[in-house]
1. Between residue B:322 and residue B:296, take the C-beta separation as r, use R0 = 30 Å, and let me know the FRET efficiency to the nearest 0.05.
2. To the nearest 0.05, how large is the calculated FRET efficiency for residue B:213 and residue B:278 if R₀ is 45 Å and r is the Cβ-Cβ distance?
3. Multiply the residue gap between residue B:598 and residue B:372 by 0.36 nm, knock off their C-alpha separation, and tell me the result in nm, one decimal place.
4. Based on the alpha carbon coordinates of the stretch B:193-275, what radius of gyration and maximum Cα-Cα distance (Dmax) apply, in Å?
5. Remind me, relative contact order of chain A in percent, using alpha carbon pairs under 8 angstrom and six or more residues apart?
6. Provide the convex hull volume over Cα atoms per residue for the stretch B:231-350, in Å³.
7. Could you work out how far apart the two model spin labels at residue B:64 and residue B:25 are, taking each label as a point 7 Å from the Cα in the direction of the beta carbon, and quote it in nm?
8. Taking every residue in A:60-68, how many Cβ atoms of other protein chains lie within 10 Å of its Cβ, on average?
């Protein structure tokens, strides 16, 4: 998986590309841990994310929880496969999707 | 590294080259100058000697000529004394002059008046009348008088002419002869200082310049004869020096000069710098060429040697280390070009061997621990399916194929009292020991709450609350639970983010029991779960599973998928199978599909068939 960061002042945009599963979830977790300092608004761009497993959902949930105390988190460009997972797991209800 | 090495080597070679060249150049320069000064000094010494020799020659010739002249004068005086008559006879006098080989003969009386002469026009001339002849008057009183005068220049030709005279014998008077001292003139001409320069070349184009009172009296180029030394290019300062060497720019050429004073002459030996340095320059060129070749060879040799002995070895070791780093612990380093590399290779090899052994050991230990964890996990699940002896209202069966890693799937079914059967299937996010502990907690929670009599939605709400409170690592679990009332067939279920199960009416086809799920357990505090109901009739079936089923991958990385699962369940061959056989069939279809590919996730399935209320 490739994580691309784009920072505009307090707004961080992370573009995820590839598979977000048990193997790659720690990578995203690490990026979040090191880059969220001073960030109040987070956007996850999932246009190129082809798969998300429960381990990946866990990291997304963690970010959602962390950002909900600030200006929030937006998930955008969710494709059909990933949206299916969000639907089945109820994530669709708790995430701000665009 | 090779670049760095070559850079330094190159630098060293260049510096060595420059230093060597500078030292040689300086030594050669000094030597060239020393040689040149020596050469000039030698020539000047010769020139000085030549001046001395010339003067001595002249003196010798002069004394011979003087002696001869006096002898002739005395002989003539004797003839006049013996034969005074010759004075009267011009032919005899002329004959005597010829025999004496002189040009003039003069004889005076006791008063110094000439009485006989050749040429005859001087007869009657008073010798006191001119300074030159007056010198001889002393002979009138001194019978022993003898004088040879200094030669004088005479006439337009400037030829030398000389007079010698003695007192007359027996009577007062003067006998004088006049002649061209040809030998003396020749000797003087030879000894002329103007000829000195022509006799002494220094090297190829060096020369000696002679000055006298600031004027050039001898030089190779006649155009400068008589000109001043300053005009030629020497400065006052240079001319004022005593014997010393200096560099002067003369007529556009730079010369090394050595000046010295001698007998009123200023001798200056000069040699063009270009000629003085011609040897050094040739030597320098030779040195440059030789050094360039030598250093190029050294550079190439050392470079090649280092490349072969050190760098190739290091690259080879690095390549091996890279393969080792990438996980190939069977790689061996075999660089044997020299002892150091042999030691290094052996060191690396033994380290890798030790590492391999340590890893194998650790892996074995971890495997053993995981096996224990798996066993514990498995033993916590209901396994013996004869656990409901005598219950004919339902048939339930479940399987769990664990992946290599300890996963977080689990299933459960248990009776609540006599009339209710609970079924659970769940999947914890993540893997490993943490996931399996989280799973155990969840399973126990759900069972306890259910057995305490809570409704499914309340069970999930309570379990969620508890799991959220004690969840530092942010794990969550997707779960589906349903409770079947065995007498009525009423099935109450709740879903927390889990894959919806497939339901089949007796004799019908399986289809998904789709309903908006609640959020996962342990994900968000205060999540509300909504119960739904379904009425089972005899022969109706429910198939629960985790995503390990639909996301099983084959070697081409294709998913088993919802579609294949649906097709497998609805295939004709599966239609009459009981739930136990059905689950085994689905498993074998999955195995057939994956065809030996690694199983990434737990594969868990649970089948439930309602057989209807027992009659009687």
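1. Details: r = 35 Å, r/R0 = 1.17.
Computed FRET efficiency for residue B:322 and residue B:296 comes out at 0.30.
2. Approximately 0.80, to the nearest 0.05.
3. On the way: separation 226, 0.36 × 226 = 81.36 nm, distance 2.12 nm.
Full extension of this stretch gives 79.2 nm more.
4. Final numbers for Rg and Dmax: 11.3, 31 Å.
5. Values: 164 pairs, mean separation 26.0, N = 98.
The normalised contact order for chain A reaches 27 percent.
6. Working: hull volume 24.3 nm³, N = 120.
Convex hull volume per residue, Cα atoms: 203 Å³.
7. Going by the 7 Å Cα→Cβ label model, 5.8 nm.
8. On the way: counts 0, 9, 2, 1, 2, 4, 1, 0, 1.
Partner Cβ neighbours, averaged per residue: 2.
FYI, it's all coordinate maths here, none of it is from the lab. Quantities reported herein were computed from a predicted structural model and do not represent experimental measurements. Cβ sites come from the backbone with ideal geometry, for glycine too, and all protein chains shown count toward neighbours.
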